[in-house]
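Contents: one structure, followed by commentary.
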Amino acid sequence: LKRIRIPHLQAMKERGERWAMLTAYDQYAAEIFDAAGIPVLLVGDSAGNNVYGYETTLPVTVDELIPLVRAVARAARHSLVVADLPFGSYQGSPQQALETATRFMKEGLAHAVKLEGGKHVVPAVELLTQAGIPVMAHVGFTPQSEHALGGYRVQGRGDSADTLVQDACELEKAGAFSIVMEMVPAEVAARVTEVLHIPTIGIGAGAECDAQVLVWQDMAGLRGGKAPRFVKRYADLRTVLSDAARAYADDVAKGTFPDAEHSFQH
Ligand code: KIV
Ligand code: NA
């Protein structure tokens, strides 16, 4: 298996082959998902609330994300590694976006970057694309704008559907190689998938997107509490890890670990 590159993703769209993206923030997750054949790994700013313990993605910084991107890029042998540009690191101007994206490519060893927003980020997408940096766009519910959007809400309902479709078209025209659609009505996501030539990646965007994405800790049941409606849990890692930690602590308390098998004799 060779390195997945953007033309492969484009070819999959043309063949109607669906694919899965997962987030990854460290070496083992990257290694495991890469070996499992996940073609694209996203080092999301969701590291804010899945690695760094913040409540949202807003506080996470470029300096916090770059080491995670580098770890994933070094561990992934086949997967394309996409680095999310965090809140405040690209909205100021296309030049700011280029400077930030360049750091992710140089220091983070990323293969592409992702940024949020509709037509107002089109100039940034154009500049990055011209500079040779592949851009994944992100429309619909954009978590970095959660306060402006009034919380976690489905976007693109009613009259705003047309704006979403237009934004997606403009982002494609600006050079985006793919586009995430988050919390968008299934019919609207299907419309975008139909009109765009680049792959669409859904999260809470119905079954008609070309690809899907989930935060890996959601997918594997590592995070506790109630998950959003669009999350499906494929494992219960939280229970697995919790049971392992308790069994280990129990053994130590009882004196059954370490035993002779796990000790050195002279
Ligand atoms: O940061 C993230 O994990 C994301 C995906 C959910 C698309 O942006
Ligand atoms: Na993100």
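Data table
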| quantity | calculated |
| --- | --- |
| Span from the segment 81-132 Cα centroid across to the segment 134-150 one, whole angstrom | 14 |
| For peptides 151-160, 248-257, sequence by mean Cβ density within 10 Å, most packed first | 151-160, 248-257 |
| Mean separation of Cα contacts under 8 Å (6+ apart) over length of the chain, as relative contact order % | 14 |
| Long-range HN-HN contacts of S178 with modeled amide H, under 5 Å | A137 |
| Rounded tilt (10° steps) of 94-106 against the dominant C-alpha axis of the chain | 30 |
| Protection proxy ranking of 214-220, 77-83, 38-44 - average other beta-carbon atoms within 10 Å, highest first | 38-44, 77-83, 214-220 |
| Debye, to nearest 20: dipole size of segment 6-235, +1 on Lys, Arg Cβ, -1 on Asp, Glu Cβ | 440 |
| Cα-only Debye scattering, segment 6-235: base-10 log of I(q)/I(0) at q = 0.07, 0.08, 0.14, 0.15 Å⁻¹ | -0.19, -0.25, -0.83, -0.97 |
| Cβ-based charge dipole, segment 120-266, positive-most Cα from G202, V139, Y152 | Y152 |
| Note, ³J(HN,Hα) from phi for segment 58-64, Karplus 6.51, -1.76, 1.60, rounded to Hz, x at Gly and Pro | 4, x, 5, 10, 4, 5, 6 |
| ³J(HN,Hα), Karplus 6.51/-1.76/1.60, whole Hz, each residue of segment 135-148, x for Gly, Pro | 10, 9, 8, 8, 10, x, 6, 10, x, 5, 9, 3, 6, 5 |
| Mean ellipticity per residue at 222 nm, deg cm²/dmol - from DSSP H runs of n ≥ 4 across the chain, formula -39500 (n - 2.57) | -12000 deg cm²/dmol |
| Charge sum, other residues only, whose C-beta stays under 12 Å from L149's C-beta, Lys/Arg counted +1 and Asp/Glu -1 | -2 |
| When each of K13/K114; K2/K119; K114/K173; K13/K173 is checked by Cα-Cα distance, pairs over 24 Å | K2/K119 |
| Counting all C-alpha pairs of segment 1-117, share separated by more than 19 Å (%) | 45 |
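Bear in mind that the values in this text are calculations on the coordinates, not laboratory data. In this text the structure is predicted, and so the values were computed from the model without any measurement. Cβ: placed from backbone, ideal geometry, glycine included. Neighbour counts: every protein chain shown.
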